[in-house]
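Here the structure comes first, spelled out in structure tokens, and everything after it is commentary.
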Amino acid sequence: MSTAICIKVFIVEDSPPIRDHLVEMLHELPGVCVVGFAESPAEAIAGIQRTSPDCVVLDYQLIGGTAVDVLRGLHPLSPATTYLVLTNHPIPQYRRVCLEAGASRFFDKSLEFGKVRDVVANLDPLPH
């Protein structure tokens, strides 16, 4: 990854401490820019459409819906975007539905939080 080009990341997380931790973790990566935040599916869809990120980090359980609502609303419009679901609910059915709806990866917050950083660190920016 070239540090001259920004990898744009949008965070969809309704817990301020977790959101802050994600921002802190991602800001440590050279060439990564957090371009927006949302707490609900509707806010996420509007913000993601406005910012055209390379990667979206989605909490599974959101205010007024789930990551699946966001994935179903956006993945067909932007299939090249990397969608990472990060959850406290690592239930196999949730994983399956998220992956079928377009998630690239599905991570358990308690065991795999740092893997989000690893995936983002290895992304290439999308042509915009």
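Residues in region 83-100 that are surrounded by fewer than 20 Cβ atoms within 10 Å (Cβ to Cβ) and not aromatic (Phe, Trp, Tyr): Asn88, His89, Pro90, Ile91, Pro92, Gln93, Arg95, Arg96, Val97, Leu99, Glu100. For first residues located in region 1-19 and within 17 Å of Val120 (Cα to Cα) and crowded, with 16+ Cβ neighbours inside 10 Å, partners that are polar (S, T, N, Q) and at pLDDT 90 or above and lie 6+ apart or on another chain with Cβ distances below 7 Å form the pairs Lys8/Thr51; Phe10/Thr51.
Taking every residue in region 92-115 that is at positive phi and pairing it with any residue that is modelled with pLDDT of 95 or more, at least 6 positions away or on another chain, the pairs with Cβ-Cβ distances below 7 Å are Gly102/Leu71; Gly102/Tyr83. Being crowded, with 16+ Cβ neighbours inside 10 Å, over 24 Å from Gln93 (Cβ atoms), at pLDDT 95 or above and in contact with a Phe, Trp or Tyr (Cβ under 7 Å, 6 or more places away or on another chain) is a condition met by no residue of region 55-73. Scanning for something in contact with a Gly (Cβ under 8 Å, 6 or more places away or on another chain) and among the aliphatic types (A, V, I, L, M), does region 52-65 turn up at least one residue? Scanning region 52-65, I find no residue that is in contact with a Gly (Cβ under 8 Å, 6 or more places away or on another chain) and among the aliphatic types (A, V, I, L, M), so the answer is no.
Condition check: hydrophobic (A, V, I, L, M, F, W, C) and modelled with pLDDT of 95 or more. Does Ala44 satisfy that? So Ala44 passes the test. Residues that are touching a Phe, Trp or Tyr at 6+ places or on another chain (Cβ under 7 Å) and surrounded by 19 or more Cβ atoms within 10 Å (Cβ to Cβ) within region 108-128 comprise just one, Val116. Checking each residue in region 44-54 for being buried (at least 16 other Cβ atoms within 10 Å of the Cβ), out of contact with any helix residue (DSSP H, G or I) (no Cβ under 7 Å at 6 or more places or on another chain) and among the small types (Gly, Ala, Ser) picks out only Gly47.
Can you tell me which residues in region 73-85 are hydrophobic (A, V, I, L, M, F, W, C) and touching a residue at least 40 places away in the same chain (Cβ under 8 Å)?
Within region 73-85, just Ala80 meets the criteria.
Taken together, the residues in region 81-128 that are in a loop (DSSP other than H, G, I, E, B) and either among the polar types (S, T, N, Q) or more than 13 Å from Leu58 (Cβ to Cβ) (or both) amount to 12.
The values are calculated or read from the model by the stated rules, or taken from the named source; none is laboratory data. Since the model is a prediction, treat every value here as computed from it, not as a measurement. Every residue, glycine among them, receives a Cβ derived from its backbone with ideal geometry; neighbour counts consider all protein chains shown.
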